[in-house]
Amino acid sequence: MNKPVGNTARLLGAGLRALLALTAVCGLLYPLAVTGISQAVFPHQANGSEIRDKDGRVVGSSLIGQRYDLPGKGPGDPEEAPRPDLRWFQPRPSNGLGDNSVNTRYALRVSGATNKAADSPELVKTVEDAKAAVVAENSSKDYKVDPSDVPADAVTSSGSGLDPDISPAYAALQVHRVAEMNGLTVQQVEKLVQDHTQGRTLGFLGEPRVDVLELNVALKALAGARARQG
């Protein structure tokens, strides 16, 4: 009668010791080791790839796109929806899943692609409307955007719908508008774009890109410095 009880006790004891050992290794030692190594070797990435402004305030992450909008005019107004604040460089459209699929200005409720086929009439109309908006927003009396110069990333979303980067071509297309609205020269803004253009990862992966948030943080500092100079 006592032998089965003894065996059960030994099994329970072994299971408890294994539980405690695995909890200590997997739940304490391993997380501490990974956290310590990541903080020592990759502190910026480990802390969310935060971007700070000139005052040291966190303004976002270099990994996630964000909105640059003016507020709407109020409930019931036909222009209730936010409008792009054209003082800033604009990101690529953010077309996520479900009811977020027509959101073109970054709502982080969900992420993902539109899942529409290339010949979808709805997708074609969305792209055509976006292209017309890009041409209108970036054309002025002295500078006209040719529709054929609008790059694909200006009118389509990424696979996640939250891409923080745009192509150098799309950044260049926005230079004249940004310069005019911030009282800067085209040459100043072109240099800003050039300074914030990243090459291919490891020299061969991906395409050259511009992180919109990093670019806009630098733009704000440059425009602020100009305003202080009068």
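Every number in this text was worked out from the coordinates using simple rules, so none of it is lab data. Note that the structure is predicted; figures quoted are calculated from it, not measured. Glycine also receives a Cβ, built like all others from the backbone with ideal geometry; neighbour counts cover every protein chain displayed.
Observations, loosely collected:
- 3J(HN,Hα) along the stretch 8-14, derived from phi through the Karplus expression 6.51 cos²θ - 1.76 cosθ + 1.60 where θ = phi - 60°, amounts to 4, 5, 5, 5, 5, x, 5 Hz, with x in place of Gly and Pro.
- Dipole axis of the chain (+1 Lys, Arg; -1 Asp, Glu on Cβ), positive-most option in ALA152, LEU22, LEU215: LEU22
- Given +1 at the Cβ of Lys and Arg, -1 at the Cβ of Asp and Glu and no other charges, the dipole of the chain around its Cα centre is 1080 debye to the nearest 20.
- In the stretch 2-45, Rg over Rh equals 1.42, where Rg is the alpha-carbon radius of gyration and Rh the Kirkwood radius from pairwise Cα distances.
- At full extension, PHE204 and ALA132 could sit 22.6 nm farther apart than now, given 0.36 nm per residue minus the alpha carbon distance.
- Placing dummy labels 7 Å off each Cα toward the beta-carbon, the span from LEU70 to LYS54 is 2.5 nm.
- The count of lysine pairs in the chain that are at least 8 places apart or cross chains, and whose C-alpha atoms lie under 26 Å apart, stands at 15.
- Length available on full extension from ASN115 to ALA221: 0.36 nm per residue minus the Cα-Cα distance, which gives 34.3 nm.
- For the chain, adding -39500 (n - 2.57) for each run of n ≥ 4 DSSP H residues and dividing by the number of residues yields -14000 deg cm²/dmol at 222 nm.
- Taken about its Cα centre, the stretch 127-230 carries a charge dipole of about 460 debye when Lys and Arg each add +1 at the Cβ and Asp and Glu each add -1 at the Cβ.
- Between LEU11 and SER160, the modelled labels are 4.7 nm apart [label points 7 Å from Cα along Cα→Cβ].
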